[in-house]
Amino acid sequence: MLGLLVLSNFLIVVFNMSNLFLEKIVFAGEVGFLNGLLPINLSDPKVFLPESVEEQSRQIMRNLDELMIRQSLKREQIVAVQVFLKDFHRFYARFEAIASELFGSEISISKNVVGVVALPRDALISMNFVIRANL
């Protein structure tokens with residue numbers, strides 16, 4: 001089943017509803033990509049999402065850790081993150097306030113935060129990651 005999400009007058013995103021919660025890291029050579037990671041419970045996607053942007057961010061990082069462990073990867077291998085925030089003006093400062101908790105102050109990664117109109121499951125936040133295969 002296909003879903004249609006209109007983000008603006010110029011951008012339309014089509015996504016496959018049946019695979020919406022199948023998260024995996026896709027590698028192209030030495031670079032891995034994990035796109036559209038949502039704050040869902042990976043073992044039971046039907047569970048309600050956490051209410052705050054802080055808790056949703058922490059859930060995404062728990063999901064990331066779980067997915068990386070499955071492929072023997074570590075957070076130190078993350079080189080970039082792209083963060084999508086619903087209601088950007090309301091949640092940006094709150095997200096930035098916990099960013100060092102999420103990514104660590106010693107880890108140097110490229111971070112890009114953008115505002116969006118809507119996210120699947122009415123999430124407040126979603127993240128994309130770029131991961132090096134080797135340290």
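So here's what we get for this one:
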{"item": "Condition check for Leu67: surrounded by 16 or more Cβ atoms within 10 Å (Cβ to Cβ), of a type in the set (A, V, I, L, M, F, W, C) and closer than 22 Å to Glu51 by Cβ", "result": "no"}
{"item": "Criterion (over 17 Å from the mean Cα position of the chain (by Cα) and modelled with pLDDT of 90 or more) met by exactly one of Ser18, Ser8, Ser72", "result": "Ser72"}
{"item": "Hits in the range 68-85 (condition: in contact with a helix residue (DSSP H, G or I) (Cβ under 8 Å, 6 or more places away or on another chain) and charged (D, E, K, R))", "result": "Lys74, Arg75"}
{"item": "Among residues of the range 91-110, those that are closer than 19 Å to Gln59 by Cβ and surrounded by fewer than 14 Cβ atoms within 10 Å (Cβ to Cβ), counted", "result": "5"}
{"item": "Any hit, the range 78-99, residues being under 12 Å from the mean Cα position of the chain (by Cα), in contact (Cβ under 8 Å) with a residue 24 or more places away in the chain and more than 24 Å from Phe27 (Cα to Cα)", "result": "yes"}
{"item": "Filtered residues of the range 28-42 (kept if in contact with a helix residue (DSSP H, G or I) (Cβ under 9 Å, 6 or more places away or on another chain) and small (Gly, Ala, Ser))", "result": "Gly32, Gly36"}
{"item": "Matching strands (runs of 3 or more DSSP E) fully within the range 76-135 where at least 1 residues are under 21 Å from Leu42 (Cα atoms)", "result": "78-86, 125-132"}
{"item": "Count of the range 43-57 residues which are in contact with a Phe, Trp or Tyr (Cβ under 9 Å, 6 or more places away or on another chain) and farther than 22 Å from Ala99 by Cα", "result": "1"}
{"item": "Test for Glu54: is it in contact with a Lys or Arg (Cβ under 7 Å, 6 or more places away or on another chain) and either in a loop (DSSP other than H, G, I, E, B) or among the acidic types (Asp, Glu) (or both)", "result": "yes"}
{"item": "Residue in the range 115-125 that is touching a residue at least 40 places away in the same chain (Cβ under 8 Å) and of a type in the set (Asp, Glu) present", "result": "yes"}
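The values are calculated or read from the model by the stated rules, or taken from the named source; none is laboratory data. Since we're looking at a predicted model, the values are computed, not measured. Please note: Cβ atoms are built from the backbone with ideal geometry, for glycine as well, and neighbour counts cover all protein chains shown.
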